1. Kindly provide the set of residues from region 106-133 that are of a type in the set (Val, Ile, Thr) and under 20 Å from Gly85 (Cα atoms), ordered by number.
2. Name the residues in region 42-77 that are open to solvent by less than 70 Å² (accessible area, probe 1.4 Å) and either among the small types (Gly, Ala, Ser) or farther than 30 Å from Gly25 by Cα (or both), would you?
3. Among the residues of region 1-26, which ones are open to solvent by 80 Å² or more (accessible area, probe 1.4 Å), at pLDDT below 75 and not polar (S, T, N, Q)?
4. Could you please find all residues in region 78-99 being within 15 Å of Ser225 (Cα to Cα), open to solvent by less than 80 Å² (accessible area, probe 1.4 Å) and in contact (Cβ under 8 Å) with a residue 40 or more places away in the chain?
5. Take Gly169 and decide whether it is small (Gly, Ala, Ser), farther than 30 Å from Arg60 by Cβ and within 17 Å of the chain's Cα centre (by Cα).
Amino acid sequence: MTDSSAPPESPGPSSDDRTAAALRGFGPLGVLATLGVIALGVLVGPLSAALVLLWTRWSRTPWREIGYVRPRSWLRGLLVGVVFGVTFKLVMKAIVMPLLGADPVNQAYHYLAGNTAALPGIIFTVIVVAGWGEETLFRGYLFERLGTLLGRSVGAKAAIVLITSALFGAAHYSVQGLAGVQQATLFGLTFGAIFARTGGLWMLMCAHAAFDLAAVWIIYWDLESEIAHLVFR
């Protein structure tokens, strides 16, 4: 005879709960998902960012963990991002890259010089693929994944900035060569340090798009050599 007064057994976690936990962890499913998103990020750009959003939803990860935090002011974040991105590009072009011995002309994108027909495509690319996609992947997603793996201490955050910067730099080698790796690595260190401090992506997305749009403007008007020799003749 059973005791009818005994409390009913509580149900175990549902299959959805188990899947979400597996995606957040580093078991077979979590590792496979992480590597898949990173690989697609290198190969297909914006598709990986879309997968990051799906992963975030399916794993029930809070959006703030990937940097999707509502800013205090959207407009202020946009303006700060634009000013910072353009200024950073000019400093890199006029001072940093010449010191590293880079070719004043970015041969991979020199086809943009005076090429009005190419502008819509490249503008879409730098805003969507770079500004949104790369920041979502290399700052938001990878910081969350590596933070879960390494922890949230100051030392762990420093290591995450270094790792993500190296990956971001390496992702630019196939198109832009060594100079592209150097610039992207320094870019990643700067943006990674800011993200580690603020935890928000909106300003960085705006700054990334502005950085690349400034580069497009410089190339389109054939000003690369002139700007690259502003400081070092």
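The values are calculated or read from the model by the stated rules, or taken from the named source; none is laboratory data. No experiment lies behind these values; they were computed from the predicted model shown. Don't worry about glycine lacking a Cβ; one is built from the backbone with ideal geometry, like all the others, and counts go over all protein chains shown. Just so you know, the surface numbers come from the protein's heavy atoms only, side chains and all, with ligands and any DNA or RNA stripped out. Shrake-Rupley method; radii C 1.70, N 1.55, O 1.52, S 1.80 Å.
1. Correct list: Ile122, Ile123, Thr125, Val126, Ile127, Val128, Val129.
2. Gly45, Ser48, Ala49, Ala50, Ser59, Gly67, Ser73, Gly77
3. Met1, Asp3, Pro7, Pro8, Glu9, Pro11, Pro13
4. Passing the criteria: Lys89, Leu90, Met92, Lys93, Ala94, Ile95, Val96, Met97, Pro98.
5. yes
This table checks each residue for (1) out of contact with any helix residue (DSSP H, G or I) (no Cβ under 6 Å at 6 or more places or on another chain); (2) within 13 Å of Glu135 (Cα to Cα).
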position: Gly177; (1), (2): yes, no
position: Gly180; (1), (2): yes, no
position: Leu189; (1), (2): no, yes
position: Gly192; (1), (2): no, yes
position: Thr198; (1), (2): yes, no
position: Ile219; (1), (2): no, no
position: Ala228; (1), (2): no, no
position: Val231; (1), (2): no, no
